[in-house]
1. For the condition in contact (Cβ under 8 Å) with a residue 40 or more places away in the chain, buried (at least 16 other Cβ atoms within 10 Å of the Cβ) and out of contact with any Phe, Trp or Tyr (no Cβ under 7 Å at 6 or more places or on another chain), what is the one hit in B:A115, B:A106, B:A177?
2. Quick one: how many residues across the range B:138-195 are of a type outside the set (S, T, Y) and more than 23 Å from A:F90 (Cα to Cα)?
3. Which one is modelled with the lowest pLDDT among residues in the range B:148-197 that are part of a loop (DSSP other than H, G, I, E, B) and under 23 Å from B:Q58 (Cβ atoms)?
4. When A:L103 is evaluated against the numbered criteria (1) at pLDDT 95 or above; (2) within 14 Å of another protein chain (Cβ to nearest Cβ), which criterion, by number, is the only one it fails?
5. Condition test on A:V139, is it assigned to a helix (DSSP H, G or I), under 25 Å from B:N71 (Cβ atoms) and touching a strand residue (DSSP E or B) at 6+ places or on another chain (Cβ under 7 Å)?
6. State all residues of the range B:119-135 that are surrounded by 16 or more Cβ atoms within 10 Å (Cβ to Cβ) and either modelled with pLDDT under 85 or within 10 Å of another protein chain (Cβ to nearest Cβ) (or both); if no residue qualifies, say none.
7. Tell me, yes or no, whether the range A:117-126 has at least one residue that is outside any loop (DSSP other than H, G, I, E, B) and either in contact with a strand residue (DSSP E or B) (Cβ under 6 Å, 6 or more places away or on another chain) or of a type in the set (V, I, T) (or both).
Number of protein chains: 2
Amino acid sequence: MKEDTTFQLLLSSINEKVRLTETEMQVCKSFFTPKKLLKKQLLLQHQEVCHFIAFVVQGILRSYTVDAKGNEHVVQFALEGWWISDNYSFLTGEPSTYNIDALEDAELLLLSRPAMDELLLKVPAMERYFRILMQNSLVALQRRLVGSLSYTAEEKYTNLIRTYPDIAQRVPQHQIASYLGIKPETLSRIRKQLTSR
Amino acid sequence: MKEDTTFQLLLSSINEKVRLTETEMQVCKSFFTPKKLLKKQLLLQHQEVCHFIAFVVQGILRSYTVDAKGNEHVVQFALEGWWISDNYSFLTGEPSTYNIDALEDAELLLLSRPAMDELLLKVPAMERYFRILMQNSLVALQRRLVGSLSYTAEEKYTNLIRTYPDIAQRVPQHQIASYLGIKPETLSRIRKQLTSR
């Protein structure tokens with residue numbers, strides 16, 4: 001992949017939130033490592049330490065847990081322009097409770113923990129970028145949690161496709177059901193009802 | 001209340017994460033507004049814009065939503081040393097979907113949006129403090145969400161009291177049940193089972 005295309009989405013994501021000089025952008029780029037994943041390939045495996053946060057340039061990733069009965073629970077999807085990681089493991093150095101894999105062939109930019117620490121020292125404006133990023137993720141997650149406590153299955157689904165229309169077309173239905181914490185049969189019934197209205 | 005005592009907890013929370021000079025600490029303090037709340041008094045009402053983030057010096061606050069059927073759903077508790085707000089409303093200026101009230105008489109330090117913006121300009125090290133704060137909240141919320149998808153009611157409760165032993169003693173049981181998204185009867189049964197073991 002051409003370097004310019006690879007970094008374009010990342011730099012525009014950063015520039016939406018903070019103003020970097022041309023030099024700072026170059027410094028920034030130097031801390032990221034490009035990585036490609038094939039569909040179904042794992043980026044992080046349960047019980048490994050998550051040494052990076054990953055920016056999605058192309059494709060779709062998901063993080064998920066597997067419970068004692070062997071059932072998968074999707075924690076997060078990440079499409080182009082999104083970040084994905086196990087923040088807990090990344091920050092504490094403890095083994096991860098998540099798996100992260102690709103639902104489509106994917107191109108990523110990885111930022112390791114030492115690279116992030118050094119980047120924040122060299123380009124302090126990036127503190128602001130990550131603060132805003134964390135803040136926005138927090139807001140989204142809080143709304144999702146409130147949804148999981150107080151919305152019906154149908155409301156959860158319609159909220160999801162309103163916010164991320166892409167997901168409904170690109171992610172298999174049973175993955176979406178898992179993300180919403182509902183049974184695939186329930187999702188299938190809801191979709192039929194919505195189409196017949 | 002004496003000024004020193006009021007700010008002590010806030011400054012120690014900040015100093016755990018970033019190093020501020022004595023001057024920066026004084027600047028910091030100047031942006032916060034102390035506020036007292038009586039038990040049951042509202043700090044934020046549904047459909048108002050949330051103009052602040054609040055640091056709890058003393059007491060317990062909770063944020064909650066009320067669904068179409070009039071049922072309350074607790075989103076968050078905040079004890080001494082914690083922050084509480086509706087981040088979404090605070091960041092976007094949109095009306096809040098939350099209420100925030102005091103479960104005990106409380107002393108707070110409020111930081112308004114303009115005050116926060118100016119504080120971040122005058123003391124850039126605070127970008128780092130808030131980045132770490134948001135990051136930690138994100139991690140906690142993500143773990144809670146994973147819990148809500150894959151844990152049993154008993155696991156949810158024992159995780160909560162392991163992490164925050166104070167909450168079980170200070171917050172009424174029906175509030176805890178609401179936070180966990182389980183029925184008060186279920187929580188009561190779980191508590192009996194745990195005591196009889």
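1. Just one listed residue meets the conditions, B:A106.
2. Summing the residues that are of a type outside the set (S, T, Y) and more than 23 Å from A:F90 (Cα to Cα) in the range B:138-195 gives 31.
3. My answer is B:Y164.
4. Of (1) at pLDDT 95 or above; (2) within 14 Å of another protein chain (Cβ to nearest Cβ), only one is false for A:L103: (2).
5. no
6. Scanning the range B:119-135 gives B:L120, B:A125, B:M126, B:E127, B:R128, B:Y129, B:F130, B:R131, B:I132, B:L133, B:M134, B:Q135.
7. No, the range A:117-126 contains no residue that is outside any loop (DSSP other than H, G, I, E, B) and either in contact with a strand residue (DSSP E or B) (Cβ under 6 Å, 6 or more places away or on another chain) or of a type in the set (V, I, T) (or both).
Here is a yes/no grid of residues against (1) within 20 Å of B:N87 (Cα to Cα); (2) in contact (Cβ under 8 Å) with a residue 40 or more places away in the chain; (3) of a type in the set (F, W, Y):
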residue: B:L120; (1), (2), (3): yes, no, no
residue: B:P124; (1), (2), (3): no, no, no
residue: B:F130; (1), (2), (3): yes, no, yes
residue: B:A153; (1), (2), (3): no, no, no
residue: B:K183; (1), (2), (3): no, no, no
residue: B:T186; (1), (2), (3): no, no, no
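The values are calculated or read from the model by the stated rules, or taken from the named source; none is laboratory data. On a predicted model such as this, the values are computed, not experimentally measured, just so you know. We place every Cβ from the backbone using ideal geometry, glycine too, and count neighbours over all the protein chains shown.
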